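Each remark here refers to the structure printed beneath this line.
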Amino acid sequence: MSAGTRGQSTVEMAVMLGAVVAALVATHVYVRRAYQGYLYANASAHGQQFDPTRPYVMTQSMNKFTQRQTVDIEKVGPGVSLPGGSEGLPSVPGGELAGGAIKTTIHVETDWDVSREASYDARH
Amino acid sequence: MTRAIKGQALVEFAIMGSLALLALAFMIQIGLRQNYQQEIQQQTFRQALSAKPGVESDDDFERQAIQVQHFRDRQIPNPSQGFAVMSRTPTQGSAAVTWGDKLTYLSDDSDSRPKIIVRLNNSQTDIISDEGVIPEGQPLIKRIDKTLNSQGKISQISNTSSSTATSTEQTTMTLSTGGTLSSSLTSDCQFQGDVWRCGQ
């Protein structure tokens with residue numbers, strides 16, 4: 001190939017490369033927008049995002065707590081019970097002394113309702 | 001001191017410190033309970049001394065003894081309970097006082113049974129324990145009903161926080177005489193600024 005022909009091929013190659021690079025530079029904006037759109041779509045798929053610079057409300061409530069306790073007290077039996085004398089000692093009297101054990105029955109019922117609410121004003 | 005040793009010390013402090021805090025809270029709870037129990041025992045004895053028979057009416061003029069039963073519910077912090085539950089711990093004291101000056105001069109037709117005063121928080125009932133008033137073989141207090149209702153809310157609105165806690169405890173005591181005593185205690189707490197303020 002003569003020198004003139006080689007020179008012509010080189011110039012053509014340079015112009016072609018320059019045109020391709022110029023096209024890439026011109027379309028990079030759209031490539032960036034496409035990638036950002038991909039990110040936005042993924043982030044939106046997670047729902048609202050918490051942003052502390054925006055208004056938000058978070059509430060934990062114990063709406064109701066009820067406890068009912070019942071104590072029943074009764075006396076069971078005398079304090080001391082004396083059986084009395086035997087056949088050999090019939091004169092010893094028997095009987096019961098005051099006092100007595102106490103039986104206590106305790107019943108407890110508990111019921112509660114707890115809820116949590118959160119609302120965020122996400123950045124759009 | 002190397003960083004590893006500092007880190008180990010920090011971890012040990014975090015674990016043992018929490019246990020120490022738990023033990024401190026337990027001791028405070030025990031101390032408060034014992035203090036309230038001793039306080040009501042002393043108060044009850046003083047009430048029995050001050051409630052001298054023969055002062056209020058002629059019915060108990062010849063009675064030589066006074067018996068006082070005092071039940072009082074006190075609030076003691078309990079970390080094991082949930083937020084805003086605020087249940088109350090019952091304390092009880094009893095005292096019986098006999099006046100010696102009437103032992104000798106008690107007339108034959110007078111009654112030696114004591115006058116009984118039962119107090120539940122701010123409620124009081126007086127029982128003249130004549131024969132048959134308190135059924136034979138029955139305890140003075142037959143039944144105690146307690147109902148606790150609590151509500152609470154912790155809320156964070158942007159950079160401000162507000163919280164409320166309310167609890168009401170109603171107690172009804174049924175005596176073997178057929179009478180009843182009732183009391184209702186309410187606690188209302190609000191988080192204002194950076195402190196809790198409670199009204200009762």
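The values are calculated or read from the model by the stated rules, or taken from the named source; none is laboratory data. Keep in mind it's a predicted model, so treat the numbers as computed, not measured. Cβ atoms come from the backbone with ideal geometry, glycine included; neighbour counts cover every protein chain shown. Just so you know, the surface numbers come from the protein's heavy atoms only, side chains and all, with ligands and any DNA or RNA stripped out. Shrake-Rupley method; radii C 1.70, N 1.55, O 1.52, S 1.80 Å.
Quick check: anything in the stretch B:31-41 open to solvent by less than 80 Å² (accessible area, probe 1.4 Å), at pLDDT 90 or above and among the acidic types (Asp, Glu)?
So far as the stretch B:31-41 goes, yes, one or more of its residues are open to solvent by less than 80 Å² (accessible area, probe 1.4 Å), at pLDDT 90 or above and among the acidic types (Asp, Glu).
Kindly list the number of the only condition in (1) among the small types (Gly, Ala, Ser); (2) surrounded by fewer than 15 Cβ atoms within 10 Å (Cβ to Cβ); (3) free of Cβ contacts under 8 Å to residues at least 12 places away in the same chain; (4) farther than 30 Å from B:HIS70 by Cβ that fails for B:SER162.
Status for B:SER162: all satisfied but (3).
Could you check B:LEU49 against (1) open to solvent by less than 60 Å² (accessible area, probe 1.4 Å); (2) modelled with pLDDT under 90; (3) not basic (Lys, Arg) and say which number it fails?
Every condition holds for B:LEU49 apart from (1).
Kindly indicate the residue of the stretch B:127-151 that is modelled with pLDDT under 85, surrounded by 17 or more Cβ atoms within 10 Å (Cβ to Cβ) and farther than 18 Å from A:ILE73 by Cα and also farthest from the other protein chains (Cβ to nearest Cβ) among those meeting that condition.
If we take residues in the stretch B:127-151 being modelled with pLDDT under 85, surrounded by 17 or more Cβ atoms within 10 Å (Cβ to Cβ) and farther than 18 Å from A:ILE73 by Cα, then B:ILE127 is farthest from the other protein chains (Cβ to nearest Cβ).
Given the conditions (1) modelled with pLDDT of 90 or more; (2) more than 29 Å from B:SER167 (Cα to Cα); (3) in a strand (DSSP E or B), report the number of the one that B:ALA20 does not fulfil.
It is condition (3) that B:ALA20 fails.
Kindly indicate whether any position in the stretch B:62-74 is part of a strand (DSSP E or B), more than 21 Å from B:LEU175 (Cα to Cα) and at pLDDT below 80.
The answer is no, given that none of the residues of the stretch B:62-74 is part of a strand (DSSP E or B), more than 21 Å from B:LEU175 (Cα to Cα) and at pLDDT below 80.
Within the stretch B:165-200, restricting attention to residues that are part of a strand (DSSP E or B) and among the charged types (D, E, K, R), which residue is most open to solvent (accessible area, probe 1.4 Å)?
Per the criteria, the residue is B:ARG197.
Considering only residues that are modelled with pLDDT under 70 and among the charged types (D, E, K, R), which ones fall in the stretch B:96-126?
Within the stretch B:96-126, B:ASP101, B:LYS102, B:ASP108, B:ASP109, B:ASP111, B:ARG113 meet the criteria.
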